[in-house]
């Protein structure tokens, strides 16, 4: 293991999060900054549902970010929390339920009665829909249960291949050991290192994982962006939810921002507000 990676992995247990994105594949041209809708347009629709992803597309997002966990029977499903209660009002953990039962849960009425009976989508549901759009995808693997072994990762990769979405996708995680496995076993996948804290020698850290950086937005500086860009690494801060911050990051040259409010930021970046 490279020494830089050893130093990097020690942060993962404290909740640091980093992401990899290829700068050459992420810019839409000129100096524009791309907008990834965090769990979809999650201020206007229930997070991590097809309704939220459709709304993100309607609002002008360039991509969607969403979370993937495994059901008890090993199906990749799109949901953020390990526990079901907040977004479905069901009891227990995602990994205690089979996919057939998860698929019946109401994942919308907690947000608004108008979204009653919106369902938890499987990863395949999302990819089947996304293939019909031009959206970029940021798949965040949630590995608190430690169940994403090579076989489980292979299921995710096989689905991305099935729907011809590998080139449009970056896979990110707070679990940097998992990203190292991805780099070794599935090098064709773009990887993203998520982190809340500033990293020691960030260019070496992400370089050891051959990844881009998704830092917490308060830690982003023009110098950080310049250093990583000089090494071919993209920078996508999160969460960015106001227009002035988005414009400041665009001026720094970040490649994308991850936001709960893609419509508002699109208007701000286009000078409509």
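The values are calculated or read from the model by the stated rules, or taken from the named source; none is laboratory data. All figures in this text were calculated on a predicted structure; none of them were measured in a lab. Backbone-built Cβ (ideal geometry, glycine too); neighbour counts: all protein chains shown.
Assorted remarks:
- All positions within the stretch 162-180 that are in a helix (DSSP H, G or I) and surrounded by 14 or more Cβ atoms within 10 Å (Cβ to Cβ): 166, 168, 176, 177, 178, 179, 180
- Residue 198 fulfils the conditions (1) more than 14 Å from the chain's Cα centre (by Cα); (2) crowded, with 19+ Cβ neighbours inside 10 Å except for a single criterion, (2).
- For the stretch 149-160, the criterion of being surrounded by 17 or more Cβ atoms within 10 Å (Cβ to Cβ), in a loop (DSSP other than H, G, I, E, B) and modelled with pLDDT of 95 or more is satisfied by no residue at all.
- Positions within the stretch 141-167 being in contact (Cβ under 8 Å) with a residue 40 or more places away in the chain and more than 12 Å from residue 70 (Cα to Cα), in sequence order: 159, 167
- Single residue of the stretch 103-115 satisfying the filter (out of contact with any helix residue (DSSP H, G or I) (no Cβ under 7 Å at 6 or more places or on another chain) and buried (at least 16 other Cβ atoms within 10 Å of the Cβ)) that is nearest to residue 72 (Cα to Cα): 103
- Screening 134, 203 for residues that are part of a loop (DSSP other than H, G, I, E, B) and at pLDDT 95 or above leaves exactly one candidate, 134.
- In the stretch 1-115, counting only helices (runs of 4 or more DSSP H) that sit wholly within it, the ones holding 2 or more residues that are at pLDDT 95 or above span 50-58, 85-88, 99-102.
- Close pairs from the stretch 181-194: first surrounded by fewer than 19 Cβ atoms within 10 Å (Cβ to Cβ), partner assigned to a helix (DSSP H, G or I) and at pLDDT below 95, Cβ under 8 Å, at least 6 apart: 181/150; 185/150
- Residue list for the stretch 206-240, filter: part of a loop (DSSP other than H, G, I, E, B) and touching a residue at least 60 places away in the same chain (Cβ under 8 Å): 209, 210, 211, 232, 234, 236, 239
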